Amino acid sequence: MRARTFLRHHVDLRAASVRAERRTCRDLEEALGGIARALRLLEECEVTDPCAPGAPLVCNLGALSGTPVMTGLRTFFSGFSPLKVSRGGVSAPMWSAGSDRFGVHLRALGVEEILLTGRAGAPTVLVVERGPAFRFESGADLLGLTVNGKIQALARRFPGAHFAVIGPAGEHWQAVRYAAIALSTENQIRSGDCKPRFCGRGGFGGVMGSKNLLAIVATEPDRLPAAAPALKALNLEVARGDGSRRYRDADKGNGAGGTWFLYEALGPVHALPECNFTTTGTVASGALARPAVEAHTEVRDESCFRCGIACHKNAYGPDGFSAKIDYEPLNLLGSNLGIFEFDAVAALIALVDEMGLDSISCGATLSYAMEYNRRHPGAPVAEGLSFGDARGAARAIRAVAEGRLPQLGQGVRRLAEETREGGYAMECKGVELPAYLPHTNPGYPFALAGGHMSMRTYLLLMFERETGLDYWVDAITRRGPMILRDDLLGVCKFGGMKDEAMSEALREAAGIEATADELRRAVLRTHLRGYRLERRLGFTEEDYDPPAAAHERLPPLELPHFLTRGFHVELKRRVLARFDEMLAEEGL
Ligand code: SF4
């Protein structure tokens, strides 16, 4: 590979200074960018407190972010996570990703990577302009505003720009470990509605807040990338091919309806998490499935910038926009809290979005508190929050985001350590589980950055029904990490493109020559680096255990029960041994 370089801007919030550094890529991983490059940077950092002024927060792009490749819209925030932690109390790196035009603007302004350190003396807005040039402005007027409040205020101040902002949760970083970073969308700025995309997982809104940085502004560039003729066929495949079929609507080449389709896939076999990752065995969740909701609510198929998929849907009530509906928030703020009435769930989703919380971590923490209270009615937490109590959930969400309920703001791992009831705390390595039952996914403990973002094993049992040890060792060590590919490249996982097509896209849109095999190897090496870093930081075998409840039989669940404690112990032994072997094979 010919030597490639990339531009890193070091931004010191304390000194209000910026230094540009051009670096030579050491390998394909660094040339691809995104999380691969961020992990290489983070493995050289020593951090004990992710929210200390010196702790790094990396904002960067993948090689295809901001190019004409459809869904090439990803911006990544990486760093040491306030949530992810070993049993010994050591924090570890992870990342989160979000779409729409913020990353497109960064690319067009000439930005590839921003390394943020330091803590500003007052609330600050970082403004990126053509050049690229950086300046710091006061963010005092934004303090206390919701996510949409901040974005609309910034849109008036910087016409044509796009934004990365934190909400109240990020401002209260001392009391909230799962604050998100919101990225403005074109639809949001045009409509005024709260429709951002979120870099949600890992709590990086709190890391940004700890730097007293309320927003990053990517001002309007001279021009945006035009659709390139050479990519036309590829973009058509992204929009209408088999890989994205589940995530688009029926009128777009027989789509299955967006991430929401999972209600119709998992519901009939009772594999939808209900009431803290169990299952009620009833049809209650059916009320939240899309056909049931569309009987009384307008649902629009509205996408991110230039995306032909539109994986999420927007719901509208009599007073206009009500909430953005994705499977994870719908489930974890609905069925999994025992709340089955759509308008109530939509209101919770909208509230979590406005407060700038990660809906997955927030929902899983609330469901743990509800389950704890069910078991301990005489000594409840969080004012006796209970399953089905939408008003109580809304009160708790607001209190968490405003820093008034740190007991829940610390997330499930630390809450369960306090209550000494970790068996039904649905997290691995301190990161709350996404909306798939742990009983069905032996891969959760081996994910680097959230169980469905970084380990593709979460729907395998549903679609392949395999329960053998050999199958799962292979699924976790070979197939599972491949989900990281798009987090190197800067495209959406929902595009479902084959490696060969991505190789062509890299050549056409980024001038990077990499065969499909080389691409797969770069992805695997990135996973292995993340695993190696965990072990170097002191993660032990005990850190790769799921919650004990994952081993229990769930009678209404119509999928095989196989993840016994004995199965897991043998699986873990073989998976960790295989990862160690692979590290040696790769010379890492
Ligand atoms: S697939 Fe979904 S998240 Fe990705 S760009 Fe399209 S609409 Fe946005």
- Can you find even one residue in segment 116-134 that is more than 16 Å from the ligand (Cβ to nearest atom), assigned to a strand (DSSP E or B) and within 21 Å of the chain's Cα centre (by Cα)? yes
- Item | Leading residue by the ranking (farthest from the ligand (Cβ to nearest atom)) among those in segment 55-77 that are touching a residue at least 60 places away in the same chain (Cβ under 8 Å) and assigned to a strand (DSSP E or B) | LEU57
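Scan segment 217-231 and give yes if some residue there is assigned to a helix (DSSP H, G or I), within 24 Å of PHE76 (Cβ to Cβ), within 16 Å of the ligand (Cβ to nearest atom) and in contact with a Cys (Cβ under 8 Å, 6 or more places away or on another chain), otherwise no. It would help to see each step written out before you state the result.
Initially, segment 217-231 is screened for residues assigned to a helix (DSSP H, G or I), giving 229-231.
From the residues that got through so far, the ones that are within 24 Å of PHE76 (Cβ to Cβ) too are 231.
Retained after the next criterion (residues that are within 16 Å of the ligand (Cβ to nearest atom)): 231.
Applying the additional criterion that residues be in contact with a Cys (Cβ under 8 Å, 6 or more places away or on another chain) yields none.
No: segment 217-231 contains no residue that is assigned to a helix (DSSP H, G or I), within 24 Å of PHE76 (Cβ to Cβ), within 16 Å of the ligand (Cβ to nearest atom) and in contact with a Cys (Cβ under 8 Å, 6 or more places away or on another chain).
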- Message: What's the number of the only condition in (1) surrounded by 24 or more Cβ atoms within 10 Å (Cβ to Cβ); (2) within 30 Å of ASN235 (Cα to Cα) that PRO68 fails to meet?
- Response: (1)
- Return yes when LEU405 is over 21 Å from ASP487 (Cα atoms) and aliphatic (A, V, I, L, M) and no when it is not. yes
- Subset of segment 480-511, residues buried (at least 22 other Cβ atoms within 10 Å of the Cβ) and in a loop (DSSP other than H, G, I, E, B), comes to GLY490, VAL491, CYS492, MET497
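So if I check each of PRO546, PRO556, which one is surrounded by 13 or more Cβ atoms within 10 Å (Cβ to Cβ) and touching a strand residue (DSSP E or B) at 6+ places or on another chain (Cβ under 7 Å)?
On the way: PRO556 fails: touching a strand residue (DSSP E or B) at 6+ places or on another chain (Cβ under 7 Å).
Within the list PRO546, PRO556, the selection yields PRO546.
Would you point out the residue of segment 140-177, among those that are polar (S, T, N, Q) and outside any loop (DSSP other than H, G, I, E, B), that is farthest from GLY409 (Cα to Cα)? Lay out the reasoning, then the answer.
Here is the first cut: in segment 140-177, the ones polar (S, T, N, Q) are 146, 148, 152, 174.
Checking which are outside any loop (DSSP other than H, G, I, E, B) leaves us with 148, 152.
On the way: ASN148: 21, GLN152: 27 Å.
Only one residue tops the list, namely GLN152.
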- Those residues that are in a loop (DSSP other than H, G, I, E, B) and under 15 Å from the mean Cα position of the chain (by Cα), I need them from segment 407-435; list them, please. GLY430, LEU433, PRO434, ALA435
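Can you report the number of residues in segment 381-411 which are among the β-branched types (Val, Ile, Thr) and free of Cβ contacts under 8 Å to residues at least 40 places away in the same chain? Steps first, please.
As a first pass, look at segment 381-411 and keep what is among the β-branched types (Val, Ile, Thr): 381, 397, 400.
If we keep only those that are free of Cβ contacts under 8 Å to residues at least 40 places away in the same chain too, we end up with 381.
Within segment 381-411, residues that are among the β-branched types (Val, Ile, Thr) and free of Cβ contacts under 8 Å to residues at least 40 places away in the same chain number 1.
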- Which one is surrounded by the most Cβ atoms within 10 Å (Cβ to Cβ) among residues in segment 75-110 that are within 13 Å of the chain's Cα centre (by Cα) and over 19 Å from GLY451 (Cβ atoms)? THR75
- Task: Determine which single condition PHE340 fails, assuming it passes every other condition in (1) outside any helix (DSSP H, G or I); (2) touching a Leu at 6+ places or on another chain (Cβ under 7 Å); (3) within 16 Å of the ligand (Cβ to nearest atom).
- Result: (3)
- Residue that is surrounded by the most Cβ atoms within 10 Å (Cβ to Cβ) [pool: residues in segment 187-208 that are touching a residue at least 60 places away in the same chain (Cβ under 8 Å) and in a helix (DSSP H, G or I)]: GLY205
- Can you confirm whether segment 27-43 contains a residue that is modelled with pLDDT of 95 or more and within 16 Å of the ligand (Cβ to nearest atom)? yes
- Task: Take segment 483-500 and flag every residue that is away from the ligand (no atom under 15 Å from the Cβ), touching a helix residue (DSSP H, G or I) at 6+ places or on another chain (Cβ under 6 Å) and over 20 Å from VAL58 (Cβ atoms).
- Result: ASP499, GLU500
- In segment 17-54, anything assigned to a loop (DSSP other than H, G, I, E, B), among the aliphatic types (A, V, I, L, M) and within 12 Å of PRO93 (Cβ to Cβ) is listed as VAL47
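The values are calculated or read from the model by the stated rules, or taken from the named source; none is laboratory data. This one's a predicted model, so the numbers in the text were calculated from it and none came from an experiment. Neighbour counts run over all protein chains shown; Cβ positions are idealised from the backbone, glycine included.
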